[in-house]
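S.K.: One structure coming up, written as structure tokens, with questions to follow.
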Ligand code: M6R
């Protein structure tokens, strides 16, 4: 059942090239130059007339929502707010009939997300679901939606659900950008073409596994770790830290790289590994100067870089390469080494990777 892998998590990490293909199959039509999503086509006016999009989710799905915020605003120029479902539902949120709420949930059973949906519906918002589990409560409770089609995710630590959620949300953003005229036809085509190449590039990124294992062995005894990223990769830093925390029980924090100087830099010493997402294009020079700041305080630097990178390689203690792609698609690649790192560290520390302590696969309590 684990398909020859030692753990479900490792199997699911390696399933990502195919899972992403399954997500865009039938939807991404490069030759025709269209994206087909029935749940969006049937409700296009709701999306196009929206004042804003509010994303509600928890955990890793919330991180996918944050990536989507950057992508929606960049491509479709629609304002987006991303909310923890648990916070959203318990304050007195301003929701109107002109809002579109996107609920993201792998399991489709998360109690807080479900309650946030019910609240949004009662205020007249249009609610769109992005779920993996077909026929789940959230899938049934939303007005329309798009499944991720990632296949069953058994490992408690979410992996392929994350990358397929980002894939669906990217398709949605591109579709809306085309419909509202915020993207040129040539840019639209470029994005479709690049998105289609992502599964092969994820497969390429997975090949760094042996190297990642040696990096994991170097840092497995750390007590604390920092994860930094900017722009589209800031949420990936949060996700990297969450993955490490939940399966290895090492304390980790994700931060926007530029926020370092507002506090966390005080933590840096030679005992602190800092994982920095430093792909080309994404404010690269700025990230390089953040790396210099860490280095001058003796922090250990592990850079997640674009293939062929020279500058970060010179500064960092280790680099892990991912293939080049459009900046807004980089989260689909930079996530991969961070998943593998957490996995290997947890295995080396002899932790229960698929069922970490205190956690359940779906959180149906409030
Ligand atoms: O099923 P959901 O996507 O609604 O679950 C949300 C979170 O409980 C989930 O992502 C959790 O944070 C994972 N264990 C993270 O790996």
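S.K.: If you take the beta carbon distance between residue 32 and residue 184 as r and set R0 to 22 Å, what does 1/(1 + (r/R0)^6) give as a FRET efficiency, to the nearest 0.05?
M.R.: In this case the efficiency is close to 0.80.
S.K.: Separate question: How far apart, in nm, are the 7 Å Cα→Cβ label points at residue 73 and residue 286?
M.R.: Taking the simple label geometry, residue 73 and residue 286 are separated by 1.1 nm.
S.K.: Continuing with this model, one more query. Please report the antiparallel percentage of the DSSP beta bridges confined to region 74-211, to the nearest 5.
M.R.: Details: 0 of 10 bridges.
Rounded to the nearest five, the antiparallel share is 0 percent.
S.K.: Mind ordering 179-187, 191-199, 117-125 by average Cβ neighbours within 10 Å, highest first?
M.R.: My ranking of the peptides, most packed first, is 191-199, 117-125, 179-187.
S.K.: Quote the FRET efficiency, to the nearest 0.05, computed for residue 267 versus residue 87 with a Förster distance R0 of 22 Å and r equal to the Cβ-Cβ distance.
M.R.: With R0 = 22 Å, the Cβ-Cβ based efficiency is 0.25.
S.K.: Hey, another quick one. Starting from the Cα-Cα distance between residue 251 and residue 52, subtract it from 0.36 nm times their residue separation and give me the gain in nm to one decimal.
M.R.: 68.1 nm
S.K.: Quick check: the angle from helix 331-348's long axis to the longest principal axis of the chain, C-alpha only, nearest 10 degrees?
M.R.: 50
S.K.: Return the equivalent ellipsoid semi-axes of region 164-311 as a descending list in whole Å, where each equals the square root of 5 times an eigenvalue of the C-alpha gyration tensor.
M.R.: Sorted largest first and rounded, they come to 31, 18, 15 Å.
S.K.: For a paramagnetic label modelled at 7 Å from the Cα of residue 123 toward its Cβ, which residues of region 80-108 fall within the zone defined by backbone nitrogen distances under 15 Å?
M.R.: 80-103, by backbone N distance to the label point.
S.K.: Take every DSSP beta bridge whose two residues both sit in the chain, then give the antiparallel share in percent to the nearest 5. Write down the numbers at each step before the final one.
M.R.: Working: 2 of 42 bridges.
Here the share of antiparallel DSSP bridges comes out near 5 percent.
S.K.: Between region 143-197 and region 220-265, what's the alpha-carbon centroid distance in Å?
M.R.: 25
S.K.: Sticking with this one: On a 0 to 90 degree scale, rounded to 10, what angle separates helix 284-295 from the longest Cα axis of the chain?
M.R.: Long axis of 284-295 versus the principal axis of the chain: about 40 degrees.
S.K.: Relative to the longest principal axis of the chain, what angle (0 to 90°, nearest 10) does the C-alpha long axis of helix 160-179 take?
M.R.: Rounded to the nearest ten degrees, it is 50.
S.K.: Listed highest first by mean packing, meaning other Cβ atoms within 10 Å per residue, what order do 31-40, 146-155, 279-288, 57-66 come in?
M.R.: 57-66, 146-155, 279-288, 31-40
S.K.: Could you list the residues of region 340-354 with an amide nitrogen less than 12 Å from a label point located 7 Å from the Cα of residue 214 in the Cα-to-C-beta direction?
M.R.: None, by backbone N distance to the label point.
S.K.: Here's a follow-up. Antiparallel DSSP bridges in region 1-114: what percent, to the nearest 5?
M.R.: 15
S.K.: Can you give the alpha-carbon Rg of the chain over 2.2 N^0.38 Å, where N counts its residues?
M.R.: Taking N as the residue count of the chain, the ratio is 0.95.
S.K.: Still on this structure: Between 16, 106, 292, where does the largest GNM mean-square fluctuation fall for the chain, given springs only between Cα atoms within less than 10 Å?
M.R.: In the Gaussian network model the winner is 292.
S.K.: Pulled fully out, how much extra length does the chain show between residue 311 and residue 45, if you take 0.36 nm times their separation in residues and subtract their Cα-Cα distance?
M.R.: Between residue 311 and residue 45, full extension yields an extra 91.1 nm.
Just so you know, all these numbers are worked out from the coordinates, no wet-lab data involved. Everything quoted here is computed from the prediction, not taken from an experiment. Every residue, glycine among them, receives a Cβ derived from its backbone with ideal geometry; neighbour counts consider all protein chains shown.
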